[in-house]
1. Let me check I have the definition right: for the chain, take the eigenvalues of the Cα gyration tensor, multiply each by 5, take square roots. What are those semi-axes in whole Å, largest first?
2. In whole Hz and in residue order, list the ³J(HN,Hα) couplings for the range 182-199 that follow from phi through the Karplus curve 6.51 cos²θ - 1.76 cosθ + 1.60, θ = phi - 60°; x for Gly and Pro.
3. With both bridge residues required to lie in the chain, what share of the DSSP beta bridges run antiparallel, to the nearest 5%?
4. Search the structure for amide H atoms under 5 Å from the amide H of Asp104, placed 1.01 Å from N in the peptide plane, and list their residues when 5 or more places away or on another chain.
5. Tell me which residues come under 5 Å, amide H to amide H, from Phe15 once H is placed; ignore anything under 5 positions away on its chain.
6. Rounded to the nearest 5, what % of the DSSP beta bridges within the range 123-269 are antiparallel ones?
7. What does the convex hull of the Cα atoms come to per residue for the range 98-161, in Å³?
8. Quick one: 3J(HN,Hα) in Hz for the range 72-89, Karplus 6.51/-1.76/1.60 with θ = phi - 60°, rounded, Gly and Pro as x.
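Read-outs throughout are calculated quantities, based only on the coordinates presented, and are distinct from any laboratory measurement. Owing to the predicted nature of the structure, the values given are computational and were not obtained by experimental measurement. Cβ coordinates were reconstructed from backbone atoms using ideal geometry, including for glycine residues, and neighbour counts include every protein chain displayed.
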Amino acid sequence: MSDAIRPLSLPAIGFGTYNLRGRAGAQAVTSAIEVGYRLIDSAFSYENEGCVADGVAGAVEAGLACREEIVVTSKVPGRYYGYEQGLAAVEESVSRMRPIGAIDLYLLHWPNPAQNKYVETWRALIEARERGLVRHIGVSNFLPEHIEGLEGETGVLPEVNQIESHPFFPNTEQIAYNASRGITTEAWSPLGRKSDILSNPVVAEVAAAHSASPAQAILAWHVARGVTAIPKSSTRARQEENLASASLRLTPEEIGRITALGDGGHRLAGQDPATYEEL
């Protein structure tokens, strides 16, 4: 089976690279792969595709992992939506990530509904996959109506939908929808960036019951719901701690208690995919 059609398999926990740049960013990526991460998440707008590729290539050259084991992700931003512009953005991403060859997973970053170009940009991703520039394609922050629009116009469903999900905004209905369509869910900001979730007493109690940290308890909650979480850390100790969360097994009651923290919750920055426009 060729790389282009090999089924996509994602680990329980991936490695986020938002705000990681330059030599330090590349070193953080190499460290993450040495620790055991096999999913590395980047984006055109993160302005770090080059250092991410360097970090992956460095890990492979050092014998820390085989390239085929690592899933590298990037995303096309709204400012390059449209068929021609979208395809050119993918080509630019591939150029920036040249050390690793084809990009394993490429996503539409947001639906940008007012712009209304996500379907034609999706066609660009389909073309990029057919040309071997990328191996798998998906979306980020897409609601059911957006996904149904893609399928209705192209007949092609995304393989992945990366969405906001954390205990203060579990996004349970979207996760259930994704699962019903055979779409893998990834969670960005899985630890509720810039919130006080890590000091929440419920999270603390669950963590203590497993001799774990609050972050580990939350990441284990994601894993229990069948969601691939993508935490970010530049320190090796925290990278190891986050990855070890995949082995924790929460009880149904603990899962329910953490999920209930989202009752009446909200998105961290109010970025509703029904109206938000990313550039």
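1. Over the Cα atoms of the chain, the ellipsoid semi-axes are 29, 24, 16 Å.
2. x, 9, 6, 9, 10, 10, 8, 6, x, 9, x, 3, 6, 10, 9, 4, 5, 9
3. On the way: 1 of 25 bridges.
Of all bridge pairs located within the chain, approximately 5 percent are antiparallel.
4. Val72, Arg135
5. Those lying under 5 Å, H to H, from Phe15 are Leu39, Ile40, Asp41.
6. 10 percent
7. 80 Å³
8. Rounded to whole hertz, the list is 9, 10, 9, 8, 8, x, x, 5, 10, 6, x, 4, 5, 5, x, 5, 5, 5.
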